[in-house]
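First the structure, in the form of structure tokens, and then the observations on it.
Just so you know, all these numbers are worked out from the coordinates, no wet-lab data involved. These figures come from a predicted structure and were not determined experimentally. Here the Cβ is made from the backbone with ideal geometry for all residues, glycine too, and neighbour counts use every protein chain on show.
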Amino acid sequence: MSKAVKLSDIAERLGVSKVTVSKALSNQKGVSEDMRRRIKALADELGYVSPSAAKLPPEERSYNIGILVAERYLYQSESFYWSMYQETAVYTLTKNSFTMLEVVSVQDEEACNVPKLIESDKINGIIIIGIMNSAYLDMIAGIGGIPTVYLDFYEPVPRCDSVVSDSFFGMYQMTDLLCRNGHKKIAYVGTLFTTNSITDRYLGYCKALLEHGIELRKDYVIEDRFPDTGSRVGHRLKLPKDMPTAFVCNCDVVALELIELLEKNGYRVPEDISVVGFDNYAFSNINHIELSTYMVDVKAMAKLAVKKLIRKMSGDRSVRGVSVVEGKVVPGRTVKKIG
């Protein structure tokens, strides 16, 4: 068992007094902000736990958890992320802890400005919901001493614990559902490489087609976002000249936009064309059509992310990589059997 970290250990490493360390950790006056940040960062790095908190088991300690979400995810039609934040906040309360939300503007993300939650020293750890640009994530990781968990995305370099939905196998199941209903001309709607979930879902789509002996067609990959910003093109989706019998959409919001576009062009869903989505978000209902989709278990993902972060904040600095939360197929009424 490792030796408990003491105030004197921190003081010796930084060349300051135990009193200075104590004041910094208890947010008292008399310590510069730079030194306060250095002391807290080192305390987190070494796994320091105050004597009063140490008497409680980790699951009963109280923490302040910062939640970072890019503003581009919080448009009304993208409020799937509001749901994810709400589930995270509700579960955090059951763990005797609290959340503080910061919406990161496009400008702050691009400029890699330090989040105000971090500058204020009011949080013990961070959950980042939805992928942000790599430079911004590098900036946060570079600050050091802040336990972090990614929710609904992962990064290629395993520098942080992540919790994601089963994008690959989920979309494999949705595409397989279409194949088993006789469809051979199936298009995928999603701009590849804008998020890893969109790309992973495309790979699940590819696996299903290959297993059914169906050709992969470049003209059947329909872009739904601007590659440079990641924002959706909305109702400006472009239908292929050779129309498929079915579309696989990377999320439900895009599926609904596609259904509207198809209906404007004289197609009926599912009588003429089948459409499936991904998320099973509550907004996924248009003209009383029950969308065939894959349910993402948002509640389970939020719980797991909070549990991972509490483990980190209580002193476990190990990184256990990506945790995949399984969902389930919701049959709906937008798939028609053909052939």
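Some points to look at:
- Considering only 112, 26, 269, the residue lying farthest towards the positive end of the dipole of the chain is 26, judged by Cα position with unit charges set on Cβ.
- The Cα-based radius of gyration and maximum Cα-Cα distance (Dmax) for segment 257-328 are 18.9, 60 Å.
- This structure gives Cα extents along the principal axes in Å, computed directly, and of (1) 74, 41, 32; (2) 59, 51, 38; (3) 78, 38, 33 that value is listed as (3).
- On the basis of the beta-carbon distance and an R0 of 41 Å, residue 320 and residue 239 show a calculated FRET efficiency of 0.40.
- Legend: residue pairs 122/312; 18/95; 29/95; 185/238, Cα-Cα distance threshold 28 Å; pairs beyond threshold, 18/95; 29/95.
- Spacing of the two label points (7 Å from each Cα toward its C-beta) at residue 333 and residue 141, in nm: 4.7 nm
- Gained length - residue 6 relative to residue 116, 0.36 nm times residue gap less alpha-carbon distance: 36.7 nm
- Take the Cα of residue 203, go 7 Å toward its beta carbon, and the backbone nitrogen atoms of segment 295-339 under 16 Å from that spot belong to 322-325.
- Label-to-label distance, nm, for residues given as residue 106 and residue 263 (7 Å Cα→Cβ offset): 3.0 nm
- Two-site FRET efficiency, residue 41 against residue 223, from Cβ-Cβ distance with R₀ of 35 Å, rounded to 0.05: 0.25
- Relative contact order of the chain, taken over Cα pairs closer than 8 Å and 6 or more residues apart, is 18 percent.
- Among 64, 250, 113, residue whose mean-square fluctuation peaks in a GNM of the chain (springs only between Cα atoms under 10 Å): 113
- Taking 13 Å as the straight-line reach from the Cα of residue 218, the aspartates and glutamates in range (excluding those fewer than 8 positions away in the same chain) are 242.
- Estimated inter-spin distance, residue 22 and residue 62, nm [label 7 Å along Cα→Cβ]: 2.2 nm
- With viscosity 0.692 mPa s and temperature 37 °C, the Kirkwood radius over alpha carbon pairs of segment 124-224 converts through Stokes-Einstein to a diffusion coefficient of 215 µm²/s.
- For the chain, the 222 nm mean residue ellipticity estimated from helices alone, with every DSSP H stretch of n ≥ 4 adding -39500 (n - 2.57) and the total spread over all residues, rounds to -11500 deg cm²/dmol.
- Of the two radii for segment 167-296, the radius of gyration is 0.92 times the Kirkwood radius, both from the alpha carbons; that is the Rg over Rh value.
- Alpha-carbon geometry of segment 7-54: the Rg and the Dmax are 9.7, 27 Å, given in that order.
- Proximity of backbone amide H atoms, modeled 1.01 Å from N, is registered between residue 148 and 126 at under 5 Å, excluding neighbours fewer than 5 places apart on the same chain.
- Residues whose amide H falls under 5 Å from that of residue 290, counting only those 5 or more places apart or on a different chain, are 333, with hydrogens built in the peptide plane.
- Note that segment 19-36 has calculated 3J(HN,Hα) couplings of 5, 4, 4, 4, 4, 5, 6, 9, 6, 8, 6, x, 10, 5, 5, 5, 5, 4 Hz, one per residue in order, obtained from phi through the Karplus relation 6.51 cos²θ - 1.76 cosθ + 1.60 (θ = phi - 60°); glycine and proline are x.
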